[in-house]
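Okay, so here's the structure we're looking at.
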Amino acid sequence: MRVLPSAKARIAGFGDPDATDERFAQLEGNLAMIGRRLRDRAPACRVLFVDYLTILPPHGDDRGGPPPDEIAEWGRAIAARLATTTQAAAAAAGCDYVAASAASADHHAWSAAPWTRRFHLSLRGGAPYHPDAAGMAAVAELVLATLAEPPGRLRD
């Protein structure tokens with residue numbers, strides 16, 4: 001019971017726009033630094049930044065009852081920002097970018113052929129809001145397709 005107030009404060013902080021801006025700026029810098037350090041240590045290596053698969057359906061698609069509108073919109077905004085941040089970090093570090101989010105837009109958790117899981121209380125079958133086997137296979141194909149192309153090309 002003693003941890004509830006601090007947990008509540010941390011959860012409330014997720015909705016703070018200033019804190020979100022700060023976290024995304026830090027994330028972009030950290031990702032770019034990782035990419036640069038990898039390339040510094042192994043100049044011939046090829047580094048791919050892969051963003052996250054789409055979880056939520058597009059706005060207006062309410063098949064299957066995704067989270068309430070306000071939460072779903074927040075989630076979509078965070079997902080879009082994560083994709084933009086990942087792409088910017090890849091460009092800053094001279095690395096390739098694989099847009100799994102764009103490739104999976106029609107395979108969200110509420111689609112007929114999902115690549116991610118909906119929320120559920122059990123870990124049986126995989127964690128909620130995480131990729132499923134089809135999603136991971138699709139990401140592997142995207143990575144292989146990127147590796148078959150010349151380096152330095154951004155994939156959308």
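The values are calculated or read from the model by the stated rules, or taken from the named source; none is laboratory data. Everything quoted here is computed from the prediction, not taken from an experiment. Glycine also receives a Cβ, built like all others from the backbone with ideal geometry; neighbour counts cover every protein chain displayed.
Structure data summary
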{"item": "Segment 79-131, residues that are in contact with a helix residue (DSSP H, G or I) (Cβ under 7 Å, 6 or more places away or on another chain), more than 16 Å from Thr146 (Cα to Cα) and aromatic (Phe, Trp, Tyr)", "result": "Trp115"}
{"item": "Within segment 111-127, considering residues that are in contact (Cβ under 8 Å) with a residue 12 or more places away in the chain and not small (Gly, Ala, Ser), the one surrounded by the fewest Cβ atoms within 10 Å (Cβ to Cβ)", "result": "Phe119"}
{"item": "One residue from Gly35, Gly65 being more than 24 Å from Asp18 (Cβ to Cβ) and modelled with pLDDT under 90", "result": "Gly65"}
{"item": "Scope segment 111-121; condition assigned to a loop (DSSP other than H, G, I, E, B) and touching an Asp or Glu at 6+ places or on another chain (Cβ under 7 Å); matching residues", "result": "Pro114, Trp115, Arg117"}
{"item": "Failed item, numbered, when Ala93 is tested on (1) within 29 Å of Asp18 (Cα to Cα); (2) out of contact with any strand residue (DSSP E or B) (no Cβ under 9 Å at 6 or more places or on another chain)", "result": "(2)"}
{"item": "Residue selected from segment 132-148 under the condition surrounded by fewer than 17 Cβ atoms within 10 Å (Cβ to Cβ) and in contact (Cβ under 8 Å) with a residue 40 or more places away in the chain, by the criterion farthest from Pro114 (Cα to Cα)", "result": "Leu147"}
{"item": "Helices (runs of 4 or more DSSP H) (entirely within segment 15-110) containing at least 1 residues that are β-branched (Val, Ile, Thr) and surrounded by fewer than 20 Cβ atoms within 10 Å (Cβ to Cβ)", "result": "17-41, 69-93"}
